[in-house]
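The structure appears right after this line, and notes come after that.
The values are calculated or read from the model by the stated rules, or taken from the named source; none is laboratory data. Just so we're clear, the structure is a prediction, and the values are computed from it rather than from any experiment. For neighbour counting, all protein chains shown are included, and Cβ atoms are generated from backbone atoms with ideal geometry for every residue, glycine included.
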Amino acid sequence: MPQEETPRAEDALPADALPSPVFAALEGGLVGLWWYDLARDVLRWSDSMCRMCGVAPADAPTTYEGWRRFVHPDDVERVEHLTRETLAIGHYPDLEHRLVLPSGEVRHVLSKAKPISAEDEDGRSRIVELAGCLVDVTTRRRVEAARAEATRLDGIARLAGGIAHDFNNMLTVILGSTNIAIEVAERGALEPSAPLEAPEIDEIMANLVAVRDAAERCAKLTHRLLIFARRAPASPRPIELAEFIRQREDDVRALLGPTIDLVLELTPCPIVRADASQLELVVTQLANNAREAMLSGGTLTLRTGTTLLDGRRHVRLDAIDTGRGIDPSALELVFEPFYSTRGPFDGAGLGLAAVHGIVRQHGGHIDVRSTPGVGTTFTIDLPVADS
């Protein structure tokens, strides 16, 4: 492989390579232009290409190997295969792949190119240059992914809502009958003519209480299903989020346990309209999730603030833990119902799914960022109440 060359003035992408209006239009959009000399292994980038890749023109790569370092590791083999195929057949098909910018940001691009041929000394035509462009399609990919995700979650939500309503009807009967049986047992007899002995009453009571407790756990599961399906009845009221969290500080500390420190960075916030019980479930679940991620101890920071999204003010809540983090392959699944990185446990998979449903039901947004071995941050944005 040729050594990296220092860019020279004559190697700059010529300004007259395209008619100036066309060149200006491309430079002003999300299109980066490039040119590659195969014989000299010299690569040239336009200013828009540099901006797209997050580098200054002076720092742009000048060889193929330099460019290769920008390609996402999972896409390198595919890009190189296409380049070899182009040199063999003289045609460069469109290719969509990812770039990794120096900042670590990943961008989706559509690569287009045209091979340029010249005759060698023997009069045979061979490809000597490649000229092409990259089109940034990151926003389009994100919109498509969000649309697909919304469709998938809506289907699951309809299913969950139907199951939850049927399940709730059955639980009403179970709870009602069990409470009546407990009252009868407490009076000491199921039949007036055959009074029960104390041990029998105790046994009946113990079993009936167990049934009732199980049914109550089912009722909580049903409530989470309804929240996930966005069909749980809500009673929104004005809430100042910082004060709301401060009032529940003792409960959160008790949930976290003695090995996890709780840090509150609570800035007074504008009022939001939210269901207090559902918002409490959000805070509790975020704390519970942090606790499960920090079994050996750590710190959970709850931070409030404000931000502007889509031209509207939102109140922001960050829940930042110093736990083991979430593997990138699992990050996009954390809001899936019944999904857990810790294996099955009681109500596991509906915890964050329910949080997702609550936030969406309140017109908000939720996001998660994580670095394995460093920690995880959940960010919730709720719209400020109209005055």
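Computed values, structure above
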{"item": "Close pairs from region 312-333: first over 23 Å from Thr299 (Cα atoms) and assigned by TED's automatic domain parsing to the domain that holds Ala242, partner of a type in the set (Lys, Arg) and assigned to a strand (DSSP E or B), Cβ under 6 Å, at least 6 apart", "result": "none"}
{"item": "Test result for Val106, surrounded by 13 or more Cβ atoms within 10 Å (Cβ to Cβ), of a type in the set (A, V, I, L, M) and on the phi < 0 side of the Ramachandran plot", "result": "no"}
{"item": "Residues within region 287-318 that are in a strand (DSSP E or B) and not hydroxyl-bearing (Ser, Thr, Tyr), tallied", "result": "14"}
{"item": "Every pair of residues 6+ apart whose Cβ atoms lie under 8 Å, when the first sits in region 250-265 and is closer than 17 Å to Gln285 by Cα while the second is hydroxyl-bearing (Ser, Thr, Tyr) and modelled with pLDDT under 95", "result": "Asp251/Thr284; Val252/Thr284; Leu255/Thr284"}
{"item": "Among the candidates Ala210, Ala145, Ala189, Ala164, residue that is over 30 Å from Tyr64 (Cα atoms), at pLDDT below 70 and surrounded by 11 or more Cβ atoms within 10 Å (Cβ to Cβ)", "result": "Ala189"}
{"item": "Flag for Thr284 being under 18 Å from Arg246 (Cβ atoms) and part of a strand (DSSP E or B)", "result": "no"}
{"item": "Residue match in region 83-94 (condition: buried (at least 16 other Cβ atoms within 10 Å of the Cβ), of a type in the set (A, V, I, L, M, F, W, C) and either out of contact with any strand residue (DSSP E or B) (no Cβ under 6 Å at 6 or more places or on another chain) or closer than 21 Å to Arg142 by Cβ (or both))", "result": "no"}
{"item": "Any hit, region 74-89, residues being out of contact with any Lys or Arg (no Cβ under 7 Å at 6 or more places or on another chain), basic (Lys, Arg) and within 20 Å of Val31 (Cα to Cα)", "result": "no"}
{"item": "Residue in region 307-314 that is within 26 Å of Asp261 (Cα to Cα) and either at pLDDT 90 or above or buried (at least 17 other Cβ atoms within 10 Å of the Cβ) (or both) present", "result": "no"}
{"item": "Residue among Arg124, Arg98 that is at pLDDT 85 or above and of a type in the set (Lys, Arg)", "result": "Arg98"}
